[in-house]
Structures are given as C-alpha cells and as structure tokens.
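The values are calculated or read from the model by the stated rules, or taken from the named source; none is laboratory data. The structure presented is a predicted model; accordingly, all values stated were derived computationally and were not measured. Neighbour counts run over all protein chains shown; Cβ positions are idealised from the backbone, glycine included. Ligands, DNA and RNA are stripped out before the accessible areas are found, and what is left, the full protein with its side chains, is counted by its heavy atoms. Shrake-Rupley method; radii C 1.70, N 1.55, O 1.52, S 1.80 Å.
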Amino acid sequence: PPKKGALGISVGAGSTTLAAAFGDTMELSVRPDLNLGRNAPRLLEFATARDVARWLPMEFSEDALRNYLGNKSLFPGTVPATAEDLRIELAIVREMIRATLRAASPSWRVPFSWPWSGSLPPVASILASGSVFTNLPKPGFAALTLLDAFQPPGVTHLILDAQNMICALGAAARVNPLAVVQVLDSPAFPRLCTALCPVG
C-alpha cells in the first residue's frame, strides 16, 4: 500500500468536515458544532483565545474574540471587510481545523507507520473546499492557513476546490469515476503549492 494518505477539509457556516483516506479506508468527520455560522462561539469550548491569537500579528483579547464569533453566529454570510478582519477569520479557521483534527485523528486506521510521533501521518495531498478558502483575495492565504492548521510532514500538495465542486463529484463518482478523475485534473482544482516540510 502507498505510504501516504490524502485529506480533504471544508469549513463552512454549517459545519467543518474532514475526510481522511489511508490505503483502502476513508474516515469522515463532520462537526456541526464547529462552524462559521450559528455555532461559531462554540470554538471556545475547544480552543482558547490564546490559541487563536498566536496566529495574529496584533494583540487580540478574549472579549474581542467572543464579539467576533458572536457576530459570525448572527451574520454568517458576512465576509471580512478589512485586512485585520481577514487575519482574525483565518486564525479562527485554523483553530477549527486543528480542533477537528485532534478529535478525528486518533480513530484513523493508518496502514503504515511513520517515525514522527505526535505529528500528522504523511499525506500526498490536502484538498480545501468551501467559501472561506475560495473567496480569499489571494490563494497564498489559503495555503498558509492549511499549512498552519495541519502542519503536514514531508512533501504535500495543497489543492483548492476553486468552484466548490467536490460534493457533486462525490455523488458522480459512483456513476462515472473516470469523469471525476478527469475533473480533478482540470483547472477547477488548482494546485496552491507543493509544501516541503522537514521534520526533525
């Protein structure tokens, strides 16, 4: 079997969804309690204000975080209006992904061993979907968010579901898997970067 897996992540107003495939198994974790919508304030049950603030270049208090999450829960369709708001939202997304990963990864059935205890198993690719990634002003923001949240070891390709097509392709895969593979190789799924992350 291959010595690498693949991950898919979607962070939206309804849930955070993490799919992990290793060998012949696929694990799906759907977290409606972690989202950028009505349940946004529940992030503080899984992460602290300090966890969020570590991704920010400016001071950010717990009260400010509670206010931001409260506004997201009331108005989930809003997009960051300033560069500072964008930094805050992506810091929140990082911690939502990390909380989802912490809860899901112990149950993964990984058919190979890796020497870096406590780290993510090696993955060949991470596919990001959802408007939080596709509506960013520059794709580099999505790449940095994924690298910070997952901290993948080794060589990993970061891919963006630019047209939010992955759900439709999942349904189509049962009918015509070859067509799905062809779409995955199309410009609808641009490669953000290839990350080389040394572990020592």
For the chain, calculated [θ]222 nm from helices alone, where every DSSP H run of n ≥ 4 adds -39500 (n - 2.57): -10500 deg cm²/dmol
Between region 15-39 and region 98-154, the alpha-carbon center distance in angstrom: 12
Computed FRET value (nearest 0.05) for Trp116 with Lys138, which takes r as the C-beta separation and R₀ as 25 Å: 0.25
Relative contact order %, region 82-200, counting alpha carbon pairs below 8 Å whose residues are six or more apart: 28
Carbon plus sulfur fraction of accessible area for region 10-136, probe 1.4 Å, in percent: 51
Amide proton proximity set for Cys193, modelled H, under 5 Å, gap of 5+: Leu158
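Can you tell me the order of 93-106, 175-188 when each peptide is scored by its average per-residue count of other Cβ atoms within 10 angstrom, highest first?
So the order, starting with the most tightly packed, is 93-106, 175-188.
Taking only protein heavy atoms and a 1.4 Å probe, what accessible area per residue, in Å², does region 137-200 have with all protein chains in place? Write out the running numbers ahead of the final one.
Working: 3790 Å² over 64 residues.
Accessible area per residue: 59 Å².
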Crossing angle, helix 139-150 versus the chain [Cα axis fit, 0-90 degrees, rounded to tens]: 80
Separation in nanometres of the label points that stand 7 Å from Cα toward Cβ, at Thr194 and Leu28: 3.1
Estimated distance in nm for a label pair at Arg109 and Ala171, the labels positioned 7 Å out from Cα along Cα-to-Cβ: 2.8
Residue-wise HN-Hα coupling along region 13-23, computed from phi with Karplus coefficients 6.51, -1.76, 1.60 (Hz; x: Gly, Pro): 6, x, 5, 10, 10, 10, 10, 10, 10, 9, x
